[in-house]
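Some notes on the structure that comes next.
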Amino acid sequence: PRPRPPPPRQPRPDMALRRLLLIAAALAAATAPAAAFYLPGLAPVNFCEAGKEKPECKSGIELFVNRLDSVESVLPYEYTAFDFCQAEGKKRPSENLGQVLFGERIEPSPYRFTFNKKETCKSVCTKTYDTTKPEDKQKLDFLKKSMLLNYQHHWIVDNMPVTWCYDVEDGQRFCNPGFPIGCYITEDGRPKDACVINSDFHEKDTFYIFNHVDIKIYYHVVENEALGARLVAAKLEPKSYKHTHPDNPDCSGVPMDISNKASGEVKIAYTYSVTFHEEKSIRWASRWDYILESMPHTHIQWFSIMNSLVIVLFLSGMVAMIMLRTLHKDIARYNQMDSTEDAQEEFGWKLVHGDIFRPPRKGMLLSVFLGSGTQILIMTFVTLFFACLGFLSPANRGALMTCAVVLWVLLGTPAGYVAARFYKSFGGEKWKTNVLLTSFLCPGIVFADFFIMNLILWGEGSSAAIPFGTLVAILALWFCISVPLTFIGAYFGFKKNAIEHPVRTNQIPRQIPEQSFYTKPLPGIIMGGILPFGCIFIQLFFILNSIWSHQMYYMFGFLFLVFIILVITCSEATILLCYFHLCAEDYHWQWRSFLTSGFTAVYFLIYAIHYFFSKLQITGTASTILYFGYTMIMVLIFFLFTG
C-alpha cells in the first residue's frame, strides 16, 4: 500500500532525536543482558497495575518537580523556595554538572500515583496564611509576586515533561512543558497571562492561584504483554477552586482568589485528579514528538534556513571563483616573465614578499587568542557532532553542558600547542608568559564574569546560583586538568622548529602607501563580519529563545550544518579581504585576519541587545545585569571561535 502523506503544516522534529529514541526502544526490546548498552536515563520503564508487580515492572509512578522560571525574569527559583506542598523525607535525584550549571533543581513531589488507578479530587495539603504574622505575609507576598511575573511549574513524570496543551491561533495546539502558578487581574480589570482561560476570573486587583490539576497519563501497552505498559505522554490542566471543605474537597464552585489587599486568614487547599488512557498510536520511541511539533515558529523557519544556505553557497562560489581566477591570472602572468627586466616590474601582492612574514605587533596576545580559539573550535565541533548523533537530546537533561565543559577541560593540549607554535614563529622568547596567559587569560575572564553573575544570583536567592562545592569542582577541573594539559601542549609546541617561511623578511620595513577607504583596517573588518553573521542569525534566534524563553532546542542537525557553513564563510571572507589588502601593499595581515571574522561577535552582541528590547519582557535590575553578563561570556567565546 502507498504510504500516507503526513498531515499538513506539521513541522518534522529533528530526526536525530527520533533516531536516538528508536535506538533506545530497540535496545529495550532486546534481551536483558543488552541493558548494559542503554544511554543513561533513556531506558524505558515498564508499569503494571497494583498487585501485579514484577522486578521489571512497577506500579508506583513518581512525579518530580523542577525549578520554576519565568520569561519576565532571568532568576529561576527552586520548588522549595515557594510555600507549596512538600514531599517529606524523600531523597533528591542526583544531578550532573550541566544541570547544576543551568540551575536545574529536580526534587521529589508529594504527588504519587498508582498505575491505572483513577483518583478524583484527592487532597495533597492545605496551607494557611495569617497576614498579621510577618513570616506568613512574606510567604504570601512571594507567591503573589511570582504570579505577577508569570512563574511556571515544570513537572516531570517518567523523565517526560508534564505538558499543558491549549489551542492557539490557526486552530493549532500548543503544548507548553510548564504551567503557571496562577495569574493576576489588573486594577482596571484586564486579565494578565493565563487569566484569559476562565471567564470566572474577573475580580479587579486579584490573584487567582491554580491549586488543582487534572492530570491525564497516556500509556502504550508493550507488544509482549508480559512486560506491562510504558508511559507515552502526561498532560495536565490547571484549575482554580476555593475548596469550602479542605478536608473533604469536591473540586467545584468558585475559583480560589486572593485579593491584593486581603487581610486576615487565607487558606489554600491543593488537590489533584488523575486518569489513565491507553494510547495505541504513540510508541515509546516517539513520545517527545507531540511537544516538539507544537514548538512555536519552527515551521516558518525551515524556509529561512534553506534560504540562508543558498546565500552561503552562492557566496562560497563567488569567493572561490574570485580567488581561483585572480590568483591563477597573477601566477600565470608571473610565470610568463622570461626576462629579468620584466621581473623588476612587480605589482600587487608580490611587492610585499619581503615583509609578509614580519612578526605582528602584540604577537603574544594574538598567539594566546589563537590557542584559546582552537580549543573552543574543537570543543564546539565535537559537542555538536555528539548532539547530532542524539547523545545530547532534551531527554538527557544537562548532557549538552556537561559534554561541553568536560571537552573544554580536556582540550588544553591543542590550545597550548597552537599558542606556542605561533608565538615561536613570531620570534617570541618569553615562553613561560605565553603558557600562563594561554592557561589563564580567556578562561579567567569567563570565570570572573561567571563568578560575579553567581554572586548576584546568590544574593537574589535563585536556584541558578552555583553551590560553593560545584565552583570548587570547576576550579579543580581547570587548575588540575586543563592547565597541566596546556603546559604539555606548549612543551611540544616549543620543542618543534618554528614554522619555516618560504621567503626571507627584509631588514627595513617597507613603507605602506596611502590606502583607499575599503582597504583601511576598520572598514575591512566591519565588512568582513557581515557575511558570517548573515548565515547564523536565524539559528541565533532559536538558541536565544531556548536560553531565555525556556523553549526546547532540538535542531542540532541544522545547527551542525550552520556551524560548518559558518567556519567556511569566516575563512573565505577573511581570505578574500586579506587578498585585497595585500594587493594594496598593506602587509599587516595577521591581526586583521583574526579580527575580520572575529567582528561577527560584535554583530552577535548588537543582535542580543535588539533581542532583549524587542522579544523579551524581562524586568528588574538583577535580571538585566544577568542577561548582559551572560551575553558577554557568549560574545567572548564566539569572538575567539570565529577569529
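Points worth noting:
- Accessible surface for segment 46-292, divided over its residues, is 46 Å² per residue with a 1.4 Å probe.
- Structure note, pairs Lys91/Lys122; Lys117/Lys145; Lys90/Lys137: Cα-Cα distances above 26 angstrom occur for Lys117/Lys145; Lys90/Lys137.
- Rounded to whole numbers, the Karplus 3J(HN,Hα) couplings from phi for segment 79-92 are 4, 6, 5, 9, 8, 9, 5, 9, 8, 7, x, 9, 7, 6 Hz, using 6.51 cos²θ - 1.76 cosθ + 1.60 with θ = phi - 60°, and x at Gly and Pro.
- Taking a straight Cα-Cα cut-off under 16 Å and skipping sequence neighbours fewer than 8 places away in the same chain, the aspartates and glutamates within cross-link reach of Lys192 are Glu72, Asp200, Glu203, Asp205, Asp257.
- Taking each DSSP H run with n ≥ 4 as -39500 (n - 2.57) and averaging over every residue of the chain yields -15000 deg cm²/dmol at 222 nm.
- On Cα atoms only, tilt of 134-148 relative to the major axis of the chain in degrees: 60 degrees
- Length gained when the stretch Thr186-Gln515 is fully extended (0.36 nm per residue, less Cα-Cα span): 112.2 nm
- Each eigenvalue of the Cα gyration tensor of segment 102-206, multiplied by 5 and square-rooted, gives one semi-axis; in descending order these are 26, 23, 15 Å.
- Rounded to the nearest 10 degrees, the inclination of helix 298-336 to the longest alpha-carbon principal axis of the chain is 10 degrees.
- Based on the convex hull around the alpha carbon atoms, segment 320-461 presents an average projected area of 14.7 nm².
- Hz values of 3J(HN,Hα) by residue in segment 419-429 - Karplus curve (6.51, -1.76, 1.60), Gly and Pro given as x: 4, 5, 4, 5, 4, 5, 6, 7, x, x, 10
- Solvent-accessible area, 1.4 Å probe, carbon plus sulfur percent, for the chain: 63 percent
- Tilt relative to the chain, helix 521-548 - C-alpha long axis, 0 to 90 degrees, to 10: 20 degrees
- Each peptide among 586-595, 377-386, 129-138 gets the average number of other Cβ atoms lying within 10 Å of its residues, and from highest to lowest they stand as 586-595, 377-386, 129-138.
- Modelled label positions at Phe381 and Asn335, each set 7 Å beyond Cα in the direction of Cβ, lie 3.1 nm from each other.
- Enclosing the Cα atoms of the chain in their convex hull gives a volume equal to 216 cubic angstrom per residue.
- 20 Å Cα-Cα reach of Lys350 towards aspartates and glutamates, excluding residues that sit fewer than 8 places from it in its own chain: Asp330, Asp338, Glu341, Asp342, Glu500, Glu514, Glu585, Asp586
- Mean separation of Cα pairs under 8 Å and 6 or more residues apart, divided by the residue count, gives the chain a relative contact order of 17 percent.
- Net lengthening on full extension, Ala473/Ile606 (0.36 nm per residue, minus Cα-Cα): 44.5 nm
- Rounded to the nearest whole Hz, the Karplus-based 3J(HN,Hα) values (6.51 cos²θ - 1.76 cosθ + 1.60, θ = phi - 60°) of segment 435-452 follow the sequence 5, 5, 5, 4, 6, 10, 5, 5, x, x, 4, 4, 5, 4, 4, 4, 5, 5, with x at glycine and proline.
- Considering only Gln172, Val418, Ala81, and ranking their Cα positions along the charge dipole of the chain that arises from unit charges at the beta-carbon of Lys, Arg, Asp and Glu, the one farthest toward the positive end is Val418.
- The peptide list 257-270, 415-428, 96-109, put in order of mean Cβ contacts within 10 Å with the highest first, becomes 415-428, 96-109, 257-270.
- Bridge type composition, the chain - antiparallel percent by DSSP, nearest 5: 85 percent
- Distance between the modelled labels on Val503 and Asp83, one decimal in nanometres: 7.8 nm (7 Å Cα→Cβ projection).
- Here segment 46-292 is treated as an ellipsoid with the same Cα gyration tensor; its semi-axes, largest first and in whole Å, are 32, 20, 19.
- Sequence ranges 207-218, 318-329, ranked by mean other-Cβ count within 10 angstrom, highest first: 207-218, 318-329
- Per residue, the accessible area of segment 383-511 comes to 53 Å² when a 1.4 Å probe rolls over the protein heavy atoms.
- Under 5 Å, built H, 5+ apart or other chain: amide partners of Gly182: Phe210
The values are calculated or read from the model by the stated rules, or taken from the named source; none is laboratory data. All values derive from a computational prediction rather than experimental measurement. Using ideal geometry, Cβ is built from the backbone for each residue, glycine included, and neighbour counts are taken over all protein chains shown. Protein only, heavy atoms only, side chains kept; ligands, DNA and RNA dropped before computing areas. Shrake-Rupley method; radii C 1.70, N 1.55, O 1.52, S 1.80 Å.
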